[in-house]
Ligand code: MN
């Protein structure tokens, strides 16, 4: 099933490029705050999924709705650094996610397929694109083994982990600017993906292919990521894992349009614009670009 949030937090099922409004069947109040309707739907999935699977009606054409991020207000947005060997080499990292573990990024940085990336006004710093497969957690996971991990995966989305380059070891600030995590265009439930460990991923900047890889080249795979994260902290329904980016990262500037496409998952096209905020005493420290 392809699940969307649209037009201000309504829940929809996408079939044949049409959106069927299942907000009521999902038990979601689009006006509730915080806007955790999708998180609650994922939590109640076993009770709700049948009603959604059999929802009918003509729906409306996909292009006539405004797609929101498929999940907002997840309890956690987790990222894995240097999880493709070739990206580690281009960054001269000298380490991989296998020994460095994961990081956290602010969930408030999540935006949707109809939104823009707003660059902070930080002269001398580059903002890079990182195209990644997003894993959405389903059943609550604590101390889960790799063998059991996939039973806790709800589905998949496309994700851009936008990042200010710099030598601050702590990544949180550099990755948490508002609009720095475009997510979407929908969640494809796990049953629709043949093998999440063998998906082609591509990022274009304009027409130019900047990143192209396959998830089979992940240093630690999805089961191992769920095992590692859940060994530290409980993973809740709706939590998002950014699984890492392959080689080919590079700077973006206002006017660029980023198109991320992941096989069997989907595609989204995100314009980049210049904003005026985001400068602070830490970001003003001049550091050599890695
Ligand atoms: Mn990343």
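We did not get these values from a lab; they are worked out from the coordinates using the rules stated. Quantities reported herein were computed from a predicted structural model and do not represent experimental measurements. Positions of Cβ are backbone-derived with ideal geometry, glycine not excepted, and every protein chain shown enters the neighbour counts.
For the chain, the longest principal axis of the Cα atoms and the long axis of helix 222-232 meet at an angle of about 80 degrees. Taking every DSSP helix (H) stretch of at least 4 residues in the chain, weighting each as -39,500 (n - 2.57) and dividing the sum by the residue count yields a mean residue ellipticity at 222 nm of -3500 deg cm²/dmol.
Springs join every pair of Cα atoms under 10 Å in this Gaussian network model of the chain, and among 12, 94, 184 the largest mean-square fluctuation is at 94. With a ≥ b ≥ c the root eigenvalues of the C-alpha gyration tensor of segment 3-126, is it rounded (a/c under 1.5), prolate (a/b larger than b/c) or oblate? In terms of gyration-tensor shape, prolate.
Normalised by the number of residues in the chain, the average gap of Cα pairs under 8 Å and 6 or more apart makes the relative contact order 24 percent. Computed over segment 50-103, the Cα gyration tensor eigenvalues convert (square root of 5λ each) into semi-axes of 40, 15, 12 Å, ordered from largest to smallest. Inter-label distance, residue 143 to residue 191: 3.1 nm, where each label sits 7 Å from its Cα along the C-beta direction. The tail of the calculated P(r) for segment 58-195, taken as Cα-Cα distances beyond 17 Å, holds 66 percent of the pairs. Shape class for segment 1-60: oblate, because the ratio a/c of the largest to smallest gyration tensor axis (alpha-carbon atoms, square roots of eigenvalues) is 1.5 or more and b/c is at least a/b.
Computed over the alpha carbons of segment 175-245, Rg followed by Dmax gives 14.1, 41 Å. Convex hull volume of the C-alpha atoms in the chain, normalised per residue: 126 Å³. Evaluated at q = 0.13 Å⁻¹, the base-10 log of the normalised Debye intensity for segment 73-139, with identical point scatterers placed on the Cα atoms, takes the values -0.52. Comparing 136, 122, 110 in a Gaussian network model of the chain, where Cα atoms under 10 Å apart are tied by springs, the biggest mean-square fluctuation is seen for 122.
Largest mean-square fluctuation among 198, 242, 139, in a Gaussian network model of the chain whose springs join Cα atoms under 10 Å apart, belongs to 198. Compared with the direct C-alpha span, the chain from residue 18 to residue 267 gains 88.1 nm at full extension, assuming 0.36 nm per residue.
Taking a ≥ b ≥ c as the square roots of the Cα gyration tensor eigenvalues, with a/c under 1.5 meaning rounded and otherwise prolate when a/b beats b/c, else oblate, which class fits segment 136-231? Cα axes put segment 136-231 in the oblate bin. For segment 155-283, the spherically averaged projection of the C-alpha convex hull amounts to 9.0 nm². In this simple spin-label approximation, residue 92 and residue 167 carry label points 7 Å from Cα along the Cα→Cβ vector, and these lie 1.0 nm apart.
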